[in-house]
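Where a number appears in this text, it was derived from the coordinates with a stated rule and is not lab data. These numbers were taken from a predicted model, which means no experiment stands behind them. We place every Cβ from the backbone using ideal geometry, glycine too, and count neighbours over all the protein chains shown.
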Amino acid sequence: MIDTTSTHSLAAAGELGQSIRTSSGRWKDRKNRLRFYNRAFRVICIASAIFVCMILLSILFFMFRTGVLTFETVSPATFFFSADWSPENESYGAFVFIFGTVALTALTLLISVPISIFVAVFLAEVAPAWLRNALRPVLDLLVGIPSVVYGFLGLTLLIPLLRQMTGYDLADGILAAAIVLSIMVLPTISRISDDSISAVPRKFRDASYALGATRFQTVFRVVLPSARSGILYGVILGMARAIGETMAVVMVIGNTPQLADALFKPTSVLTSNIVMQIPNVPFDSTWNYALYMMGFLLLVISLVMIVVIRVLQKRGAKA
């Protein structure tokens, strides 16, 4: 006589074993799929990073390869240190534009950074919540305004105002360009500085107040030093935009290849000179090669700023 209980037990055990084997197979399939997806995602990320690096290196290589042809007919000393830019006379001295770029950046930095930091301190430490929530979106919107709008306003409003205030017939020059650029970069520096100041832990402020410090002392001796890495990050990003800006500068700086030895003297910078002259220049000419070398200098300046940002980030993290 067959034991039905044993038979049912064996059947149940077989079904359980089959279920375990099926579940194990599904688990292995899922594990293999996840491993495949992870590897594919890693390959895509690495390929994307390599692609971006190749684009950057290709641009640098092309700009340098074309720009370095300038030195076949012009010596590096003449190109970098001569102030005589007369392509029609085969004279290619770019010192005027290099000096103008550095001077414009420095003046923009001098105007915009203090104002931006005070705006950031006001938003993060002084302004009530309703005003803070209203002003931050406004600054974000100002970042997105096209540069040609700033340049047009500078040409139609700022230049006549400077003429009226100073008595100059022509108020075009490095001061007008610096004011326009300062207005352009102020939202960027202010918002990044605001976020950095807001990220400072509350316990730093409480400890300062507990020691008897005033709000002014707390902000300028505790909060700002703690947020210096983020503030410098915002300053460098703002200056990177100022250095690479073209349209707004072209409309207010005067576009004259002469040394900027006065605030109201029309001059030119690397970006404005390139955009004003590149459309009518023959490709296989020293003039064109010199413009490419100016573009390469702008790229080098931007890369140097990016490296500075990374160094500041590492120092801030260690601090």
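Once the Cβ-Cβ distance between PHE220 and LEU131 is put in as r, and R0 is 22 Å, what FRET efficiency do you end up with, to the nearest 0.05?
My answer for the efficiency is 0.55.
Between ARG163 and SER58, how high is the FRET efficiency from 1/(1 + (r/R0)^6) when r is the Cβ-Cβ distance and R₀ = 45 Å? Nearest 0.05. Could you put the intermediate results ahead of the total?
On the way: r = 46 Å, r/R0 = 1.01.
Taking R0 as 45 Å, the efficiency between ARG163 and SER58 is 0.50.
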Between 0 and 90°, nearest 10: helix 4-67 axis offset from the chain longest Cα axis: 10 degrees
Inter-centroid distance (Cα atoms) of region 59-75 relative to region 214-281, Å: 26 Å
Cα gyration tensor, region 28-81 - rounded (a/c under 1.5), prolate or oblate: prolate
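For every helix of n ≥ 4 consecutive DSSP H residues, a contribution of -39,500 (n - 2.57) applies; sum these over the chain, divide by its total residues, and give [θ] at 222 nm rounded to the nearest 500 deg cm²/dmol.
Values: 13 runs with 229 residues, N = 319.
Computed ellipticity for the chain at 222 nm equals -24000 deg cm²/dmol.
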Cα gyration tensor category, rounded, prolate or oblate, for the chain with a/c compared to 1.5: oblate
Extension gain (nm, one decimal) between VAL281 and TYR209, 0.36 nm per residue minus Cα-Cα: 19.5 nm
Rounded if a/c under 1.5, otherwise prolate or oblate - region 101-205, Cα gyration tensor axes: prolate
Extension gain, MET247 back to ARG42 (0.36 nm per residue minus Cα-Cα distance, nm): 69.8 nm
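Around GLU125, with a cut-off of 12 angstrom between Cβ atoms, what is the net charge of the other residues, counting Lys and Arg +1 and Asp and Glu -1?
Numbers: positive: ARG132, ARG202, ARG205, ARG215; negative: ASP194.
With Lys, Arg at +1 and Asp, Glu at -1, the neighbours total +3.
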